[in-house]
Structure formats: structure tokens, C-alpha cells
1. Select from region 217-229 the residues that are free of Cβ contacts under 8 Å to residues at least 60 places away in the same chain and outside any loop (DSSP other than H, G, I, E, B) and write down the one among them that is surrounded by the most Cβ atoms within 10 Å (Cβ to Cβ).
2. Can you work out which of the residues in region 1-34 that are β-branched (Val, Ile, Thr) and closer than 16 Å to ALA65 by Cα is modelled with the lowest pLDDT?
3. Could you list, in sequence order, the residues of region 186-205 that are modelled with pLDDT of 85 or more and under 16 Å from SER87 (Cβ atoms)?
4. Among the residues of region 230-255, which ones are touching a strand residue (DSSP E or B) at 6+ places or on another chain (Cβ under 7 Å) and either assigned to a strand (DSSP E or B) or surrounded by fewer than 16 Cβ atoms within 10 Å (Cβ to Cβ) (or both)?
5. Would it be correct to say that PRO94 is touching a residue at least 12 places away in the same chain (Cβ under 8 Å) and outside any helix (DSSP H, G or I)?
Amino acid sequence: MNQNNIDQNNVTNKSNNKVIVFVPGLGADHRLFKYQTEYFPNSIAVNWIDPIANETLEEYAVRMATEIRSKLPPEIDNHTIVICGLSLGGMIAPYIANELNAAAYILLCSIRKPSQFPRRYYLDWLITKNCIMIRRTRIFFMQLLVKTIKLLPNFIHRSILPDAVEQIASMPTRKFAELSRMMFDWAYKKRDTNESHKNCSDIPSIHIHGNRDMLLPIKLTNPDIIIEGGGHILALTHPNQINEHIQKFILRIFE
């Protein structure tokens with residue numbers, strides 16, 4: 001089993017178990033859901049697979065779904081799977097859930113449709129969409145800055161979690177660049193079409209968002225649950241609340 005793509009130490013082989021599949025945000029990996037995989041015994045946290053040049057977010061989701069299914073025990077029924085994604089992971093979660101015919105999906109610190117993506121990122125998309133070298137150069141310097149911040153432990157502990165910094169610093173530049181391109185393309189090319197997630201509307205879902213999310217502001221979204229004081233990495237900063245809401249949702253849809 002390829003541990004670079006999935007961490008499934010807690011998955012059981014019982015077909016009647018509900019399995020939660022956690023999909024991280026851009027720049028993060030399975031470590032983002034440390035507190036969730038410890039809390040939920042039948043859960044896995046995936047890493048991003050390598051993107052293909054010019055691939056769309058929907059096409060990527062199909063490959064992610066195939067990867068996830070291949071790593072689960074064959075006894076696990078698709079109707080017992082719940083996809084939970086944070087940020088970019090939430091944007092892709094409905095497509096994965098639809099491809100797997102999963103029971104439900106959960107959005108954390110994410111958006112339901114492209115029109116909820118902040119317009120302030122639009123100029124960045126226009127500048128970089130046709131020049132991968134610019135994207136990679138900017139990401140390289142961002143990761144260099146993150147690695148520099150890691151040398152200042154006191155600063156890290158006061159502002160951001162060290163493990164989150166390590167995740168961003170360790171993601172390959174090319175993968176980060178391609179994933180960000182897919183996200184921007186999805187957000188802006190589909191912004192006025194309202195086509196997003198049209199095949200996923202019948203799948204039960206819930207959206208949890210922090211009221212202090214600076215990257216995807218809550219004012220642009222319409223979440224089902226609001227976490228007071230929560231920022232963009234609720235899985236790490238507010239794990240007890242997140243776990244409780246996930247558990248309640250799963251109990252409700254499987255009752």
C-alpha cells in the first residue's frame with residue numbers, strides 16, 4: 001500500500017462501518033486531519049495525487065475518487081462513505097462524492113459554488129493562468145518564506161500551528177502550482193455559468209465555516225454551521241467542535 005497517497009491505519013474491514021474520507025486544502029496533506037483521524041476510528045486522510053497538465057478540477061476529482069476507492073477495503077460499500085474536504089478539498093468533495101456514489105459530503109472552510117470565490121483573487125488568476133513559470137516562481141518564494149518562518153518557533157506558536165507550516169513548506173512547487181491553477185480555473189471560468197456541482201445536489205451535505213476566515217470570507221458563503229472565532233484551518237484550531245458537528249451529521253444521515 002502506498003502510504004504517500006493515503007493514511008488508512010484506522011480503517012476496519014467491516015462492510016457495515018461508515019468511513020469518513022478527509023481531503024485536505026491546498027498546500028496541506030493528511031496531517032491536517034490529525035485530530036479527526038484520531039477521533040473517528042473508521043476514517044482516512046488522503047494526500048493530493050499528482051495533477052496532469054491542463055486537467056480540470058472535475059477531471060482531477062474522478063482520478064482522486066478512483067485512487068480513494070482503490071485504497072479502501074473491497075468490503076466497504078460506497079453508500080457508507082462520507083467525503084469531508086477543507087478549503088480546496090471542500091470544492092472537490094462533491095465531485096468525489098458523486099463519482100463514488102457516496103452517502104454524503106462535508107465542507108469545511110470552503111464554498112459551494114464558484115460565485116462564492118473571492119473576486120480579489122481574480123487579477124492573480126489573470127496574471128498567472130497562462131504563465132506557469134510565474135506561478136512556480138511566486139510559489140517558490142512563498143515556500144521559502146514559510147521555511148524561514150519555521151526558524152522562529154516563538155513567532156510560529158503565537159500565530160500559526162507549526163504542523164500547518166511544515167505541510168505548506170513540504171508540498172512540491174509543481175503540484176502546488178497545478179492545483180492552484182485548477183482551483184482558479186474552476187472558480188472563474190464557471191463563475192457565471194452556475195454549472196458547478198449540478199450532479200451533486202441530491203447528495204446530503206453540510207457546510208461548516210469560521211466567522212474569521214480571511215481566505216474564504218464567510219460573508220460570501222451561506223454555511224449551515226458557523227464556528228465563532230474560527231479561521232481557515234478549523235480542523236486544527238477547533239478540532240473538538242468540528243468533530244462534534246461531523247459526528248452529529250453522520251448520525252443524522254445514517255439514522
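1. Applying the filter and picking the extreme gives ILE227.
2. For region 1-34, the residue satisfying everything is ILE6.
3. Selection gives TRP186, ALA187, SER205.
4. Scanning region 230-255 gives a single hit, ILE253.
5. Values: touching a residue at least 12 places away in the same chain (Cβ under 8 Å): yes; outside any helix (DSSP H, G or I): no.
No: the conditions fail for PRO94.
The values are calculated or read from the model by the stated rules, or taken from the named source; none is laboratory data. From a predicted model like this one, the values you see are computed outputs, not experimental measurements. Here the Cβ is made from the backbone with ideal geometry for all residues, glycine too, and neighbour counts use every protein chain on show.
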